[in-house]
Amino acid sequence: MDQLIIFAGDHPVLSAAWAAIVVLIIVTTIRIQMSPIKQISTQELTFLVNREEGVVVDIRTEKEFKASRIIDSKNLVKEKVSNNDFSTLENYKDKPIIVVCTAGITATPVANQLLKAGFTKVSLLKGGMNSWVNAGLPLVKK
């Protein structure tokens, strides 16, 4: 413990950077746990679709969507999202909505917008389409 205190005294900038990283990791973890939008696995996505009539909303580009997609998924293009135009999903307001992007990173803002638009059960596919493909799950390809 003494060595840690000496190190922190000798390297205050490095010690502050490490402390900041630890705090950011803790805050991010708490925010994810407390969020009404849950990150789900590929297996949980399958259960939601099969048992609760969940709807997969793919937010990738139309070109990527047409090349390969999850069976029965709906494409929601960026222009509609930026205009808050969720009219194609109105019939699914009370059903589970699972937002899917390429790697699971860009889906969060869209999921937040859907939640604000009145969709009650919004989730994200953890890892996006990459996790679906890596799990060897079926795709529709054209």
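The values are calculated or read from the model by the stated rules, or taken from the named source; none is laboratory data. Just so it is clear, the model here is predicted, and its values are computed rather than measured. As a convention, Cβ positions derive from the backbone with ideal geometry for all residues, glycine included, and neighbour counts pool all protein chains shown.
Here is how the numbers come out for the structure above:
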item	result
Residue list for the stretch 21-68, filter: polar (S, T, N, Q) and assigned to a strand (DSSP E or B)	GLN39, SER68
Boolean, LEU14 is farther than 30 Å from LEU137 by Cβ, loosely packed, with under 11 Cβ neighbours inside 10 Å and not assigned by TED's automatic domain parsing to the domain that holds VAL110	no
Filtered residues of the stretch 83-127 (kept if part of a loop (DSSP other than H, G, I, E, B) and either within 8 Å of the chain's Cα centre (by Cα) or among the polar types (S, T, N, Q) (or both))	ASN83, ASN84, CYS101, THR102, GLY104, ILE105, THR106, THR120, LYS126, GLY127
Given (1) surrounded by 13 or more Cβ atoms within 10 Å (Cβ to Cβ); (2) at pLDDT 90 or above; (3) not assigned by TED's automatic domain parsing to the domain that holds GLY127, index of the condition ALA8 fails	(2)
Residues being β-branched (Val, Ile, Thr) and in contact with a helix residue (DSSP H, G or I) (Cβ under 6 Å, 6 or more places away or on another chain) - total across the stretch 114-132	1
Number of the condition not met by GLN39 [criteria: (1) of a type in the set (S, T, N, Q); (2) surrounded by fewer than 16 Cβ atoms within 10 Å (Cβ to Cβ); (3) over 18 Å from PRO138 (Cα atoms); (4) in contact (Cβ under 8 Å) with a residue 40 or more places away in the chain]	(2)
VAL81, sole failed condition from (1) among the hydrophobic types (A, V, I, L, M, F, W, C); (2) under 29 Å from LYS141 (Cα atoms); (3) modelled with pLDDT of 90 or more	(3)
Given (1) farther than 22 Å from PRO36 by Cβ; (2) among the small types (Gly, Ala, Ser); (3) assigned to a helix (DSSP H, G or I), index of the condition SER131 fails	(1)
Test: residue in the stretch 93-110 that is in contact (Cβ under 8 Å) with a residue 60 or more places away in the chain, in the same structural domain as VAL56 (by TED's automatic domain parsing) and within 23 Å of LYS66 (Cα to Cα)	yes
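Conditions (1) buried (at least 19 other Cβ atoms within 10 Å of the Cβ); (2) in contact with a Gly (Cβ under 9 Å, 6 or more places away or on another chain); (3) farther than 17 Å from VAL122 by Cβ, marked per residue:
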site	(1), (2), (3)
PHE47	no, yes, no
VAL57	yes, no, no
LYS74	no, no, no
VAL81	no, no, no
